[in-house]
Amino acid sequence: TETELVEKPLATMAEVVADEQAYREGSRYAADRAHWLEQVSGFGERVTLSRRGVTAPLDPVNLVSSTILESTVQDRLEQVATDLHSSAAVILTAAFSAFTARRTGLDDVTLTLPVTGRATAKIKRAGGMLANLLPVRATDVTDKSVRELIESMQVTLTGALRHQRYRVEDIRRDAGL
């Protein structure tokens, strides 16, 4: 059988700008601000996995490394996610939080994760850059079991995504970072 595709209209740039202005003038903006102020309160000193330290100048060359997961590893990752009613993204974020905690010797780590910054279906179909970066914090990492860390990260990421429109520059400004 043939399926007829229905073309959905793209949001115009004017609609994107109007949506952002309405967001900044609405109650959602204030709620998102309150969420992020709570999330970043008590941030510790900035840490890095770089051997050059946090004060080293940025290198104009990015080092990118990638690999393709073996199918057995991918299958296991998906099975763990299913068993824990979660997703591969949550499992991997929790794992990287644990890795970072172990490498830095800290029990409270914050990762900066990219998100789309698009909250509505229409804005998701818009052109232009709306991406955002969010601080995602994992606390008491070494005191948690794997299951507890994954469950905690699920809650943290869900909260972050609910408040993803609040801009990273506003988070930093509000927190005095």
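A few points about this structure:
- Selection of the stretch 168-177 for residues being more than 12 Å from the chain's Cα centre (by Cα) and either surrounded by 14 or more Cβ atoms within 10 Å (Cβ to Cβ) or in a strand (DSSP E or B) (or both) yields D170, I171, R172, D174, A175.
- Residue, farthest from Y166 (Cα to Cα), within the stretch 9-19, restricted to residues that are touching a residue at least 24 places away in the same chain (Cβ under 8 Å) and surrounded by 10 or more Cβ atoms within 10 Å (Cβ to Cβ): L10
- Enumeration of residues in the stretch 134-157 that are under 11 Å from the mean Cα position of the chain (by Cα) and outside any helix (DSSP H, G or I): L134, P135, V136, R137
- Here is the figure for the stretch 17-42: residues that are aliphatic (A, V, I, L, M) and over 25 Å from V136 (Cβ atoms) total 3.
- The requirement of being over 30 Å from K8 (Cα atoms) and either in contact (Cβ under 8 Å) with a residue 12 or more places away in the chain or not in a loop (DSSP other than H, G, I, E, B) (or both) is fulfilled nowhere in the stretch 118-132; no residue meets it.
Quick note: the coordinates plus some simple rules give every number you see, no bench work behind them. Keep in mind it's a predicted model, so treat the numbers as computed, not measured. So basically every Cβ, Gly included, is an ideal-geometry build from the backbone, and we count neighbours across all protein chains shown.
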